[in-house]
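Shown next, in structure tokens, is the structure this report addresses.
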Amino acid sequence: MDSSANSLINPDARMGLAGAQPGVGAAGAGQAGGAADLGGLGSNLGGNFGQRLSGLAQMRGNPRAPLIFAVALLVAVVAGLFLWSRAPDYKVLYSNLSDRDGGAIITALQAANIPYKFSDAGGAILVPAEQVHEMRLRLASQGLPKSGSVGFELMDNQKFGISQFAEQINYQRALEGELERTVESISSVKSARVHLAIPKPSVFVRDKEAPSASVLVNLYPGRALDEGQVLAITHMVSSAVPDMPVKGVTILDQDGNLLTQPSTGSGLDASQLKYRQQIERSTQQRIDAILAPLFGSGNAHSQVSADIDFSHSEQTSENYGPNGTPQQAAIRSQQSSSATEMSQGGASGVPGALSNQPPQPASAPINAPNGASGVTTTPVSDRKDSTTNYELDKTVRHLEQPMGGIKRLSVAVVVNYLRVVDGKGHATMQPVTADKLAQVNQLVKDAMGFDQARGDSVNVVNSPFTTEVDPNADLPWWRTPDMIALAKQIATYLGIGAVALFLYFVMVKPALRRAFPPPESAAAAALPSPDEPILLDGIPAAERAGANTVAELETDSELLALESSKHKYERNLEFARNIARQDPKIVATVVKNWVSDER
């Protein structure tokens, strides 16, 4: 009726409007057409919106829709919590990579189907912790990441007709690259840069300059180079470049700290310090090894201080001792000579006027020997010389004192009190007796090689040791770090279970009850529906109960109709209770009819 009335009224209204406004022309017609188009668009939008509302109403009316939504939400939440608890721990695979190496590594990770992500600063590639070492080995087999330095392979592709200057530059670059690779092979060095300053060779000795090198090492976090490693890098670089002195190598770290200290000639180098520590450590180990069986492990501690002589000296001496008696002395050489002069009675002298004398009368001595002339001679002088050379008592001594000799050893030993258990099982700490301390003192001297001449000293002290207090010793068991960590882990899983149970009891279980109601009982099934009249002997119960009862029944029926969203079983039961309260006679009659029908 409403639609037909509207259809009958609308044409008259439109005709009336047209008669009331006769002056409206084409513009009015156009406005009317636009209004019609807008009306059509509005009707389309309204229809679509109505369809969506009707679809939403149908979805709400479907009793299984909440169940599906609740189950999906439960599965999503449990899956999300499980994935969150099982999320892999990402660690750094490589950092500070060049763009080329980073792209090649990402391509290799994608080919191997390995998940990866970048750090917040974008300077590192992260992969799951359990795959870090495996991927490093796999990428290393592919030559990744490639180092930015080049070695002597740069000399493989030399161009024809290259100048001497370019060839020298390529050689210097190749040498720098090889040195960088060698320095990077040290475990503590992450990367290295080497700069060589090789002067141009000159034929003049006065203008000759020595080459020098600068090395920058980038160390891994938490690592450092000791003096021995710095000295090794210095000697390695100086040995790789011809005519480069050791003092011409400078080494810096990534923080700009100078690692090569200038040599003053008075300090100890790393090898000397290491030798001193080795002497002290070996002496301490010998002392601890001999005291451990007597007092037990940890009940005797020793410290050794060694004074080492690192001076190198040479001495040559020549000593002369006094000679003994001639019989004891050794003769080197002996020389003797004798001379005798004789005088003659005849003429003598230089022939001449002064030496001419008349001849003497001849004499014939009776005792003259046969064949002797008559000239007589008498001795004038007789001289004898004797020279004897004896060996000198001389001692020549050449002493060369080696460096590294022990000048003095100082040893300190502290011994704990002895633990004594009485007959009742009570343990007490008692001091060591003086006789046993004297034995310990002698054992320490024998173990260290005590030498009183060089000033060695030994000090043995008996004192109770203070045990280290455990900060968790006084805490109850439920507050220890291990129990707290276990409780956190258990709480994580209990939280997941609690969320799952909450979603089940709040959303899933009510949805299941709505979708699958329990079966109705026989008494509830026998009750009539609110819309059907109750018949008593073929007469409606409302007529027999009176007008008031009928009005009340209709009111109750309206109330039950408004509560149609409730469960059917609960609605029928509530309806039966209302009838029983309002008119017990009718209910008794119904029950009586049921009993008579069953018979």
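The values are calculated or read from the model by the stated rules, or taken from the named source; none is laboratory data. The shown structure was predicted, so the numbers you read here are calculated from the model rather than taken from an experiment. Every residue, glycine among them, receives a Cβ derived from its backbone with ideal geometry; neighbour counts consider all protein chains shown. Keep in mind that these areas ignore ligands, DNA and RNA; they rest on the heavy atoms of the full protein, side chains included. Shrake-Rupley method; radii C 1.70, N 1.55, O 1.52, S 1.80 Å.
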Fill in the blank from the handout: Note on MET429: of the conditions (1) touching a Lys or Arg at 6+ places or on another chain (Cβ under 8 Å); (2) open to solvent by 70 Å² or more (accessible area, probe 1.4 Å); (3) at pLDDT 90 or above, unmet is (3)
Problem - Residue selected from the stretch 556-573 under the condition in a helix (DSSP H, G or I) and open to solvent by 70 Å² or more (accessible area, probe 1.4 Å), by the criterion modelled with the lowest pLDDT - result: LEU562
Handout entry: In the stretch 470-527, residue modelled with the lowest pLDDT [restricted to those that are touching a helix residue (DSSP H, G or I) at 6+ places or on another chain (Cβ under 6 Å) and of a type in the set (Gly, Ala, Ser)]
Key = ALA524
Handout entry: Subset of the stretch 93-129 (residues that are farther than 22 Å from PRO221 by Cβ and touching a residue at least 24 places away in the same chain (Cβ under 8 Å))
Key = ARG100, ALA104, ALA108, LEU109, ALA112, PRO115
Fill in the blank from the handout: In the stretch 438-454, anything touching a Ser or Thr at 6+ places or on another chain (Cβ under 9 Å) and surrounded by fewer than 16 Cβ atoms within 10 Å (Cβ to Cβ) is listed as GLY449
Exercise for the section: Would you please list the contacts, defined by Cβ atoms under 7 Å and residues six or more apart or on different chains, that run from a residue in the stretch 432-447 that is of a type in the set (D, E, K, R) to a residue that is crowded, with 16+ Cβ neighbours inside 10 Å? Expected result: LYS445/VAL458
Exercise for the section: Go through the stretch 68-126 and count every residue that is within 27 Å of THR492 (Cβ to Cβ), of a type outside the set (S, T, N, Q), modelled with pLDDT under 85 and assigned to a loop (DSSP other than H, G, I, E, B). Expected result: 5
Exercise for the section: Please note which strands (runs of 3 or more DSSP E) are completely contained in the stretch 162-260 and include at least 2 residues that are open to solvent by 70 Å² or more (accessible area, probe 1.4 Å). Expected result: 189-197
